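The values are calculated or read from the model by the stated rules, or taken from the named source; none is laboratory data. Computed from a predicted model, the values in this text were never measured in an experiment. Positions of Cβ are generated from backbone atoms using ideal geometry, with glycine treated the same way; all protein chains shown enter the neighbour counts. These area figures cover heavy atoms from the full protein model, side chains too; ligands, DNA and RNA do not enter into them. Shrake-Rupley method; radii C 1.70, N 1.55, O 1.52, S 1.80 Å.
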Amino acid sequence: ERCGPRLGAVLRGAASYQELLFPGGSMEALLPVYEEAAVSRFYNDALVAAVESVVAALPPGRLLCVIEVGAGTGGTAASVLPSLELSCARYTFTDVSEVFLRQAEPRFARFARFMQYELLNIDADPRLQGFAAAQFDVAVATNVLHAKPCMRNT
């Protein structure tokens with residue numbers, strides 16, 4: 001309803017796609033797409049199962065360091081964080097947009113003990129953005145890498 005009739009204006013550059021998707025900076029219109037849609041639930045459930053398998057294989061006392069690339073609205077984090085609550089030393093929620101980081105912090109306050117919020121443009125070398133090689137045990141990238149212009153560089 002909101003986006004379809006304005007598609008032509010967006011394609012001509014006469015309207016902002018960000019404002020159509022996130023009216024007034026709100027993510028409320030898109031959260032159901034990333035959290036409740038059948039496809040999102042399927043893949044988030046698969047990710048949770050994989051993470052729970054990793055957690056089950058950890059030696060006693062070992063905690064994970066996890067990075068989520070392009071975490072955006074937080075749909076994936078909302079699914080996986082409860083499974084990591086007792087097994088995570090650090091969950092780094094990243095996105096190219098500071099808006100998503102600011103909105104995620106209060107949303108995931110329950111997990112503040114191990115949450116970090118960092119800007120990351122996966123199109124550029126992460127090492128040049130303050131991320132060291134091999135610092136994470138698990139990397140999550142859901143519904144994000146397809147939007148990159150050159151996977152070879154990513």
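General observations
- Angle between the chain longest axis and helix 98-107 axis [Cα atoms, degrees, rounded to 10]: 60
- Residue 17 sits with roughly 120 Å² accessible to a 1.4 Å probe, with DNA, RNA and ligands left out of the calculation.
- Crossing angle, helix 75-84 versus the chain [Cα axis fit, 0-90 degrees, rounded to tens]: 10
- Over all distinct Cα-Cα pairs of the chain, the Kirkwood formula returns a hydrodynamic radius of 16.9 Å.
- Loop-resident GluC sites (Glu not before Pro) (DSSP state other than H, G, I, E or B) in segment 37-118 with no more than 16 further Cβ atoms inside 10 Å of their Cβ: 85.
- Net charge dipole size for the chain [Lys, Arg +1 and Asp, Glu -1 on Cβ; Debye, nearest 20]: 180
- Rg/Rh (Cα only; Kirkwood hydrodynamic radius) as it applies to segment 42-105: 0.99
- Residue with peak Gaussian network fluctuation, the chain [Cα springs, cutoff 10 Å], from 16, 97, 40: 16
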